[in-house]
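Structure first, then comments.
Values in this text are rule-based calculations from the coordinates and carry no lab data. Since we're looking at a predicted model, the values are computed, not measured. Here Cβ is always computed from backbone atoms with ideal geometry, including for glycine, and neighbour counts include all displayed protein chains.
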Ligand SMILES: N[C@@H](CCC(=O)N[C@@H](CS)C(=O)NCC(=O)O)C(=O)O
């Protein structure tokens, strides 16, 4: 049995939803409304003491951190593979995935914004500019990798979706919400995002398709 603690607009939850769908796995969605603070409630603390989504439950065991969740799914349910067979390929896919995971999303996270406002007194406009800054830097680096590397194909790594695409597409969604012009600034990312959008696994994972959509 699989269940996913998720929030419709959470980019980290969106990554896990894509991976579950690519694997063809059915799961129970357990919404956690992070803007209402439900991630800090005592019952969710027992699930994830870090108070973040997503969290995956598989046969009674809880996993946290989207990258760990996706790698776990790839090991438990190997087909279709989301990581390449070769070490260099796996390193490249992890490296691309970690750009959104480590260099962008933590800096744009809702909890980060709340703290910047409370601790530093920053305005909504200043926080939005901060988020645009880190999205722009990270996406430019991702684009430059795609352009430079011969492994780039129809998707971020080769001609089938990998874990990197599970991270890229939600980051594009977040960047577009911030008004970043992905189509003109990052044409290779835009091409891959469009290829992903044609696949049902990505369509079903989209925030607009989630039962807890506001
Ligand atoms: N590194 C974590 C990030 C998880 C994360 O930051 N989730 C956000 C939503 S995208 C969250 O739960 N934020 C709630 C908060 O900061 O209070 C992962 O990849 O799973």
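Residues that are touching a strand residue (DSSP E or B) at 6+ places or on another chain (Cβ under 8 Å) and closer than 15 Å to residue 151 by Cβ within the range 51-88 comprise just one, 84.
Restricting attention to the range 46-60, does a residue exist that is near the ligand (Cβ under 9 Å from one of its atoms) and in a strand (DSSP E or B)? Looking through the range 46-60, at least one residue is near the ligand (Cβ under 9 Å from one of its atoms) and in a strand (DSSP E or B). Pairing residues of the range 56-83 that are over 18 Å from residue 155 (Cα atoms) and free of Cβ contacts under 8 Å to residues at least 24 places away in the same chain with residues that are near the ligand (Cβ under 10 Å from one of its atoms) and assigned to a loop (DSSP other than H, G, I, E, B), at Cβ distances under 8 Å and at least 6 apart in sequence or on separate chains, gives 62/48; 64/48; 64/50; 64/52; 64/54. Among the residues that make up the range 149-158, is at least one of them in contact (Cβ under 8 Å) with a residue 40 or more places away in the chain and either in a helix (DSSP H, G or I) or under 15 Å from residue 107 (Cβ atoms) (or both)? No - not one qualifying residue is present in the range 149-158.
Within the range 99-112, can one find any residue that is within 20 Å of the chain's Cα centre (by Cα), assigned to a loop (DSSP other than H, G, I, E, B) and at positive phi? Taking every residue of the range 99-112 in turn, none turns out to be within 20 Å of the chain's Cα centre (by Cα), assigned to a loop (DSSP other than H, G, I, E, B) and at positive phi.
From the list 98, 73, 139, the one residue that fits, being in contact with a helix residue (DSSP H, G or I) (Cβ under 9 Å, 6 or more places away or on another chain) and away from the ligand (no atom under 15 Å from the Cβ), is 139. Within the bounds of the range 38-45, is there any residue that is within 10 Å of the ligand (Cβ to nearest atom), assigned to a loop (DSSP other than H, G, I, E, B) and either touching a strand residue (DSSP E or B) at 6+ places or on another chain (Cβ under 6 Å) or without any contact (Cβ under 8 Å) to a residue 60 or more places away in the chain (or both)? No: zero hits. Would you confirm whether or not the range 16-35 contains a residue that is within 10 Å of the ligand (Cβ to nearest atom) and more than 21 Å from residue 211 (Cβ to Cβ)? No.
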